[in-house]
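Coordinate-derived values only; no laboratory data. Small disclaimer: the values here were computed from a predicted structure and weren't measured. Please note: Cβ atoms are built from the backbone with ideal geometry, for glycine as well, and neighbour counts cover all protein chains shown.
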Amino acid sequence: MKSLEELRELREKVEKDMEMRKEINKPKIIIGMGTCGIAAGAREILKAVMEEIDKRDLDVEVTQTGCIGMCEKEPLMDVKLPGKDRITYGNLTKEDVKRIIVNHVINGNVVDELVIARLEE
Amino acid sequence: MKELALHILDIAENSVNADADNILIDIKEDTKNNDLEITIEDDGKGIKKDQLKDITDPFVTSRKTRPVGLGLSLFKAAAKRCDGNFLIDSNQNGTIVKAEFKHDHIDRAPLGNIAQTIISILLWDSNVDLTYKHRYNTEQFIFETQKIKEELGNVKITDSKILNWLKEYIDENVKEIRGGEFN
């Protein structure tokens, strides 16, 4: 069983990581978590995002938002790279999340076939 | 919703949006009396009296963008179809939502992934203090973010490594009290 002792050790590791990271200009990922989003599987999308961030050791800000009125396209996820357009992806699966993280968040290439909206900078 | 944990996430997000500082998620499973009770309580700004009486009507909502709100309606329907009960009460000091299910009812959705629900709430608002109590017959597990935050000092609870650790910690403990069962 995990103990809080272990959490203290983990804390020291994370503290070291924090020193190397800056707070400004992080890529941002926003996930739709209204009732519609949750019913369509948004929690699993959020889980997939967190797993990719952890696996690839990325410095990304993850936030959530409520229903934005595109319920039929849920689960939705927005990616906003510093200085770039905000891109909304829809009808997502966990596999799509991996593609978006690798292609868009890491390499800056928008995954066009999954895009449902674009908000210009 | 496929899991009761998804309803919990949905209702707890109402609490966050009502500017709650504290949220309590309390699950009681009493298999001898065939009872499953889920309570979500917050100290947010509450629901206005005139809205409260039909807040579980899908066409009543406090949101301003459009006049539909499904979260509470769906949770109530889930309880009702399992021969259960649903109760909501609210004043300016907070809101309490309680849903009761027949534990073995064929239509009862599985409890699902509670740990993932807790993590999702923390990612929504890391300032909120969350208490999660889960009783399964005589066994009990209590998880308090306030205690975790004390352990963490200036490390954020939303750091992905911390969240992953917490998820496993909650998973293990819930499985332990439920005797390895996960439904």
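Suppose every Lys and Arg Cβ carries +1 and every Asp and Glu Cβ carries -1, with no other charges. What dipole size does chain B come out with about its Cα centre, to the nearest 20 debye? All intermediate terms of the calculation are to be shown ahead of the outcome.
On the way: 25 positive and 33 negative charges, 120 e Å.
Magnitude of the dipole: close to 580 debye.
Taking Cα centroids, how far is the stretch B:1-62 from the stretch A:95-117 in Å?
For the stretch B:1-62 versus the stretch A:95-117, the Cα centre distance is 35 Å.
Give A:16/B:161; A:2/B:147; B:76/B:102; A:26/A:80; A:47/B:161 a once-over and call out the pairs whose C-alpha atoms are over 18 Å from each other.
The pairs that break the limit, which is 18 Å between Cα atoms, do not exist here.
What percentages, rounded to whole numbers, describe P(r) for the protein assembly as shown computed over all alpha carbon pairs with 20 Å bin width beginning at zero?
Over the protein assembly as shown, the share of Cα pairs per 20 Å bin runs 32, 58, 10 percent.
If I model a spin label at residue B:33 and residue B:172 as a point 7 Å from the Cα along the Cα→Cβ vector, what separation in nanometres do I get?
It works out to 3.2 nm between the two label points.
In terms of modelled amide H atoms, which long-range or inter-chain residues lie less than 5 Å from the amide H of residue B:22?
So residue B:22 has HN proximity to B:43, B:129.
Compute a Gaussian network model of chain A, connecting alpha carbons closer than 10 Å, and tell me which residue from A:77, A:18, A:50 fluctuates the most.
A:18
What list of ³J(HN,Hα) couplings, whole Hz, do you get for the stretch B:45-61 from phi and the Karplus terms 6.51, -1.76, 1.60, once you set θ to phi - 60° and write x for glycine and proline?
After applying 6.51 cos²θ - 1.76 cosθ + 1.60, I find 6, x, 10, 5, 4, 5, 8, 4, 5, 10, 5, 8, 6, x, 9, 10, 7 Hz.
What is the local net charge at residue A:54, summed over the other residues whose Cβ is closer than 15 Å to its Cβ (Lys, Arg +1; Asp, Glu -1)?
Net charge in that neighbourhood comes out at +2.
Which whole-Hz ³J(HN,Hα) couplings does the stretch B:161-169 yield from phi under the Karplus relation 6.51 cos²θ - 1.76 cosθ + 1.60, θ = phi - 60°, glycine and proline marked x?
5, 5, 4, 4, 5, 4, 4, 5, 4
What residues of the stretch B:106-140 lie in the reach of a label at residue B:80, counting those whose backbone N is under 12 Å from a point 7 Å from the Cα along Cα→Cβ?
none
Report, for the protein assembly as shown, the % of DSSP beta bridges that are antiparallel, rounded to 5.
Rounded to the nearest five, the antiparallel share is 75 percent.
No partner Cβ under 4.7 angstrom, meaning no disulfide-compatible partner by this rule: which Cys of chain A qualify?
Here A:67 come out as lacking a disulfide-compatible partner, given the Cβ-Cβ threshold of under 4.7 Å.
Which aspartates and glutamates, on any chain, are close to residue B:45 with Cα under 14 Å apart, when same-chain ones fewer than 8 places away are left out?
Partners within reach: B:13, B:19, B:21, B:89.
Name the aspartates and glutamates eligible as straight-distance cross-link partners of residue A:73: C-alpha to C-alpha under 19 Å, and not fewer than 8 places from it in the same chain.
Cα-Cα hits under 19 Å: A:44, A:95, A:96, A:112, A:113, B:10.
Which one of B:138, B:9, B:166 has its Cα pushed farthest toward the positive end of the charge dipole of chain B, where Lys and Arg give +1 and Asp and Glu give -1 at the Cβ?
Farthest towards the positive end: B:9.
Only Lys, Arg, Asp and Glu count, each charged at its Cβ (+1, +1, -1, -1), so figure out the dipole size of chain A about its Cα centre, rounded to 20 debye. Walk me through the intermediate numbers first.
Working: 21 positive and 25 negative charges, 7 e Å.
It works out to roughly 40 debye.
Going 7 Å from the Cα of residue A:117 along its beta-carbon direction, which residues of the stretch A:1-42 have the amide nitrogen within less than 19 Å of the resulting point?
A:28-42
By its C-alpha gyration tensor, with a ≥ b ≥ c as the square roots of the eigenvalues, how is the stretch B:69-183 shaped: rounded for a/c under 1.5, else prolate for a/b larger than b/c, else oblate? Don't skip to the end; give the middle numbers.
Values: a/c = 2.15, a/b = 1.39, b/c = 1.54.
Verdict is oblate for the stretch B:69-183.
To the nearest 20 debye, what charge dipole does the stretch A:1-59 have about its Cα centre, counting +1 at the Cβ of each Lys and Arg and -1 at the Cβ of each Asp and Glu?
Working: 13 positive and 14 negative charges, 47 e Å.
Around 220 debye, computed over the stretch A:1-59.
Taking 41 Å as R0, compute the FRET efficiency from the Cβ-Cβ separation of residue A:1 and residue A:103 and round it to 0.05.
After rounding, the FRET efficiency stands at 0.55.
Per DSSP H run of n ≥ 4, the term is -39500 (n - 2.57); total these for the protein assembly as shown, divide by its residue number, and report the mean residue ellipticity at 222 nm rounded to 500 deg cm²/dmol.
Here the helix-only value at 222 nm equals -11000 deg cm²/dmol.
Under the definition of partner shielding as Cβ atoms of other protein chains within 10 Å of a residue Cβ, what is the mean value for peptide A:39-49?
The mean count of partner-chain Cβ atoms within 10 Å per residue comes to 4.
For the stretch A:3-90, what does the alpha-carbon gyration tensor say about shape, rounded, prolate or oblate, given a ≥ b ≥ c as the root eigenvalues, a/c under 1.5 as rounded, and a/b over b/c as prolate?
Oblate.
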